[in-house]
Amino acid sequence: MRRITIAIDGFSSCGKSTLARQLAQHLGYTYIDSGAMYRAMALFAMENGLVKDGVLNKEGLLALLDGVDIRFQHDPMTDRSATTLNGRNVEHRIRTLEVSDQVTLVSPVPEVRAKLVRLQQRMGREKGVVMDGRDIGTVVFPDAEVKLYMTARPEVRALRRYHELKAKGAEVTLAEVEANIRRRDLDDTTRAADPLTKAPGAIEIDNSDITAQEQFEVALGHVLDVLARVGQE
């Protein structure tokens, strides 16, 4: 059967990664978490002293950019794909609220976006991939056969993220998490470089009031329709 590319865009904490993993596992496709790549870049900036009082040393980051290597490798401990930064597994570290607060410092930088887009396009060259992020259907894979646009009410996304962080032992408040999400929404939709927008032809799924399984079934239905159609071409 012909393999396709599935691009999933949407707001922070709206279940993009969960859906992408479900689709990839069901179809036997490769899952690429573009958001993790930006988180890893934020972690790199933090660890190299390039963030101070909420301000990014952009020149310093650009000077080191060529030396940043971000990949995905299988983690036998979790049996899942893990993000590596210059050969080091940083999957757990990049999921903290501390890193989340810094992502919007690096994500608008055009040179950072250009580097990560090149890496993402290289990963998806052979098709058979599911990638989620903010600009996948608009910039990374504008010709993707399936484009999904995920959304949910901010307060719903904040509560989901709060429970996720607390389950990992994080000391956070719901107010802090919601403030982070609303700030990221504003930054994602207003930045000059590749802002979050609904790609032409994308199917919008608001999952505020449906379960992850219901969301998966809706998305899979669209994917199977496209696979049946391209199989006849």
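Would you be able to tell me the number of residues in the range 90-122 that are farther than 25 Å from residue 181 by Cα and of a type in the set (S, T, N, Q)?
1
Please determine whether any residue of the range 219-233 is out of contact with any Phe, Trp or Tyr (no Cβ under 9 Å at 6 or more places or on another chain), more than 24 Å from residue 21 (Cα to Cα) and of a type in the set (D, E, K, R).
The answer is yes; a qualifying residue exists.
Could you please find all residues in the range 114-134 being buried (at least 22 other Cβ atoms within 10 Å of the Cβ) and charged (D, E, K, R)?
The answer is 132, 134.
List every residue pair whose Cβ atoms sit under 6 Å apart, with the two residues 6 or more apart in sequence or on different chains, where the first one lies in the range 130-145 and is of a type in the set (A, V, I, L, M, F, W, C) and the second, anywhere, is assigned to a loop (DSSP other than H, G, I, E, B) and modelled with pLDDT under 95.
Filtered contacts from the range 130-145: 130/29; 139/194.
Specify the residue that is surrounded by the fewest Cβ atoms within 10 Å (Cβ to Cβ); the eligible residues are those in the range 29-55 that are in contact (Cβ under 8 Å) with a residue 40 or more places away in the chain and part of a loop (DSSP other than H, G, I, E, B).
54
Taking residue 105, is it within 25 Å of residue 50 (Cα to Cα), touching a strand residue (DSSP E or B) at 6+ places or on another chain (Cβ under 9 Å) and of a type in the set (A, V, I, L, M)?
yes
Which residue pairs have Cβ atoms under 7 Å apart, sit 6 or more places apart or on different chains, and have a first residue in the range 201-226 that is in a helix (DSSP H, G or I) and a second that is modelled with pLDDT of 95 or more and of a type in the set (Asp, Glu)?
226/145
Assess whether residue 184 counts as being within 16 Å of residue 133 (Cα to Cα), among the basic types (Lys, Arg) and part of a helix (DSSP H, G or I).
yes
So which residues in the range 72-106 are closer than 21 Å to residue 130 by Cβ and not hydrophobic (A, V, I, L, M, F, W, C)?
Residues satisfying the conditions are 73, 74, 75, 78, 79, 80, 81, 83, 84, 91, 95.
Quick test for you: out of 153, 183, 229, pick the one residue that is of a type in the set (Lys, Arg) and within 26 Å of residue 112 (Cβ to Cβ).
Step by step, each of 153, 183, 229 is checked, and only 183 is of a type in the set (Lys, Arg) and within 26 Å of residue 112 (Cβ to Cβ).
For the range 176-192, state whether one or more residues are touching a residue at least 60 places away in the same chain (Cβ under 8 Å), surrounded by 14 or more Cβ atoms within 10 Å (Cβ to Cβ) and among the small types (Gly, Ala, Ser).
So far as the range 176-192 goes, no, none of its residues is touching a residue at least 60 places away in the same chain (Cβ under 8 Å), surrounded by 14 or more Cβ atoms within 10 Å (Cβ to Cβ) and among the small types (Gly, Ala, Ser).
Please go through the range 24-57 and give me each residue that is closer than 30 Å to residue 4 by Cα and either at pLDDT 95 or above or within 11 Å of the chain's Cα centre (by Cα) (or both), ordered by number.
31, 32, 33, 34, 35, 36, 37, 38, 39, 40, 41
So, residue 93, is that one free of Cβ contacts under 8 Å to residues at least 12 places away in the same chain, surrounded by fewer than 19 Cβ atoms within 10 Å (Cβ to Cβ), out of contact with any Pro (no Cβ under 6 Å at 6 or more places or on another chain) and among the basic types (Lys, Arg) or not?
no
Counting only residues that are surrounded by fewer than 19 Cβ atoms within 10 Å (Cβ to Cβ) and aliphatic (A, V, I, L, M), which one in the range 140-164 is nearest to residue 189 (Cα to Cα)?
156
Taking residue 112 as the residue in question, decide whether it is among the hydrophobic types (A, V, I, L, M, F, W, C) and touching a helix residue (DSSP H, G or I) at 6+ places or on another chain (Cβ under 8 Å).
yes
The values are calculated or read from the model by the stated rules, or taken from the named source; none is laboratory data. Keep in mind that what you see is a predicted model, and the values were worked out from it rather than measured. Methodologically, a virtual Cβ is constructed for each residue, glycine included, from the backbone with ideal geometry; neighbour enumeration extends over all protein chains shown.
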